[in-house]
1. For the range 383-396, check the following and say yes or no: at least one residue is in contact with a strand residue (DSSP E or B) (Cβ under 7 Å, 6 or more places away or on another chain), of a type in the set (A, V, I, L, M, F, W, C) and surrounded by 23 or more Cβ atoms within 10 Å (Cβ to Cβ).
2. Check Lys376 against each of (1) in contact with a helix residue (DSSP H, G or I) (Cβ under 7 Å, 6 or more places away or on another chain); (2) within 22 Å of Lys157 (Cβ to Cβ); (3) surrounded by fewer than 20 Cβ atoms within 10 Å (Cβ to Cβ) and name the one condition it does not meet.
3. Taking only pairs six or more apart or across chains, which ones have beta-carbon atoms under 8 Å, a first residue in the range 279-296 that is closer than 19 Å to Pro269 by Cβ, and a second residue that is of a type in the set (A, V, I, L, M) and surrounded by fewer than 20 Cβ atoms within 10 Å (Cβ to Cβ)?
4. Hey, Ala166 hits all of (1) modelled with pLDDT of 95 or more; (2) buried (at least 23 other Cβ atoms within 10 Å of the Cβ); (3) aliphatic (A, V, I, L, M) but one; which does it fall short on?
5. With respect to Glu145, is the statement that it is free of Cβ contacts under 8 Å to residues at least 60 places away in the same chain and within 30 Å of Met271 (Cα to Cα) true?
6. Looking only at the range 145-163, count how many residues are of a type outside the set (Phe, Trp, Tyr) and surrounded by fewer than 20 Cβ atoms within 10 Å (Cβ to Cβ).
7. Of everything in the range 336-360 that's in contact (Cβ under 8 Å) with a residue 40 or more places away in the chain and assigned to a loop (DSSP other than H, G, I, E, B), which residue is surrounded by the most Cβ atoms within 10 Å (Cβ to Cβ)?
8. Say we look at the range 317-335 and pick out the residues that are surrounded by fewer than 23 Cβ atoms within 10 Å (Cβ to Cβ) and under 16 Å from Gly304 (Cβ atoms); which of these is farthest from the chain's Cα centre (by Cα)?
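The values are calculated or read from the model by the stated rules, or taken from the named source; none is laboratory data. Every value quoted in this text rests on a predicted model; they were computed, and no experiment measured them. With ideal geometry, Cβ positions are generated from the backbone for all residues, glycine too; neighbour counts draw on all protein chains shown.
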Amino acid sequence: MLEGWRRAGAVTAILGALGAAAVPPAGAADTVRIGILWPLTGNAAAAGQASKAAAEVAAEIVNNSHPEMANLPLAATAGLPGLGGAKLELVFADHQGNPSVAQQQALRLINEERVHVLFGAYHSSCSLTATAVAERYGIPFMVGESAALNITGRGFKWIFRGTPIASDYAATYMRFFDDMRKEGKKIDAIAVVNENTDYGTSVADEIEAAARKANIPVAMRIPYGANSADVSAQVLQLKERRPDVVIFISYTPDAILYIKTMKNLDYLPPMVIGDDTGFSDPSFITAIADIAQGAMNRSAWDVGKPGSTTDRINEMYKVKTGRDLDDTSARNMQSFLALAEAINRAGSTEPEKIRHALQETDLKPEQLMMGYRGVKFDATGQNVLASTYLIQLKARAYQLVWPQAVAAAKLEWPMQGWKH
């Protein structure tokens with residue numbers, strides 16, 4: 001896909017020169033237009049639609065006064081005070097999980113929709129192509145949730161990412177395994193099963209490297225195509241090697257397929273950990289809750305105590321969608337709120353002023369809705385204070401179980417799966 005992008009580079013450069021005049025002028029605005037790229041149709045549509053609802057809730061919090069959430073920047077006021085009360089206007093684009101379409105939609109949002117900033121794009125492969133367009137045009141782009149390391153590793157100056165990344169996830173798993181070993185859990189070998197695009201490969205590489213440093217053998221690594229219709233062979237490989245933990249780095253359809261195939265082949269490892277994404281999709285829980293009891297997932301989101309800011313946010317989201325916020329949608333919401341806070345400080349829709357404000361971002365934990373240590377971007381645009389928890393599926397909902405100091409429920413090991 002990147003080769004295709006390079007081949008299109010000359011054409012894009014010409015479009016960039018022609019489209020530069022399409023960017024709205026600097027200064028205050030009646031509205032600030034945020035172009036958002038997500039998979040609103042296709043295999044990942046449920047995740048894209050869930051995040052769309054989260055962005056709409058976040059915009060409602062910023063555009064209208066919510067003094068009950070006054071710890072969140074911009075919640076107590078209506079609109080962006082730094083731009084004379086300007087409102088946020090969301091312009092959504094559907095990339096269908098296709099990196100080429102993401103590239104095309106990013107161009108359309110800039111040249112035709114005249115957005116001031118870009119946001120997205122769920123699939124790391126789509127974020128790679130869309131952010132390259134933003135960099136060429138000089139438009140700030142906030143990556144809300146995509147985890148591949150190379151998104152912020154290309155020397156770009158217009159790209160920022162609020163979410164934890166692959167190396168953060170790998171370090172979290174190793175700390176968790178160390179704690180479990182201290183409690184007497186057997187973790188002599190793990191297996192890593194990853195979809196083979198930028199996201200899955202990047203996270204799996206980081207887990208393997210971290211496991212080597214932690215002296216935890218990786219019994220096997222199984223890359224696979226995310227559109228696989230049959231994973232029986234892969235599950236039989238796991239059943240033969242019998243690792244103590246299987247980490248799945250999967251999108252929704254394949255995550256569901258793996259769990260169902262494991263049941264069909266009567267293979268239940270001591271523990272399954274999902275690397276967010278497919279495991280956080282609301283449709284995943286609906287499809288497999290009865291057969292995946294005790295499966296774990298990573299998450300930086302927790303609803304919190306009744307009456308808390310996070311509980312109020314969750315209630316707003318629940319009224320809109322009929323379900324609780326999931327981690328992916330919540331990470332997008334947090335990144336969106338950080339972007340809005342920076343635009344307000346910029347006091348302008350001028351791209352360079354927004355970029356500078358993003359560079360100067362320094363949000364504290366008490367200003368966030370997520371369990372991060374803050375939001376502060378390094379020279380590559382990565383939030384160096386992002387972090388994550390581990391949650392466990394109990395009945396038909398996840399509960400925070402690690403780290404123990406902040407756990408809301410007791411961790412159950414081994415998982416019960418379909419044998420509960």
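1. yes
2. (1)
3. Once the first residue is closer than 19 Å to Pro269 by Cβ and sits in the range 279-296, its partners that are of a type in the set (A, V, I, L, M) and surrounded by fewer than 20 Cβ atoms within 10 Å (Cβ to Cβ) give Ala289/Ala395; Gln293/Ala395.
4. Against the list (1) modelled with pLDDT of 95 or more; (2) buried (at least 23 other Cβ atoms within 10 Å of the Cβ); (3) aliphatic (A, V, I, L, M), Ala166 comes up short only on (1).
5. It is false that Glu145 is free of Cβ contacts under 8 Å to residues at least 60 places away in the same chain and within 30 Å of Met271 (Cα to Cα).
6. Final tally of qualifying residues: 6.
7. Applying the filter and picking the extreme gives Thr349.
8. My answer is Lys318.
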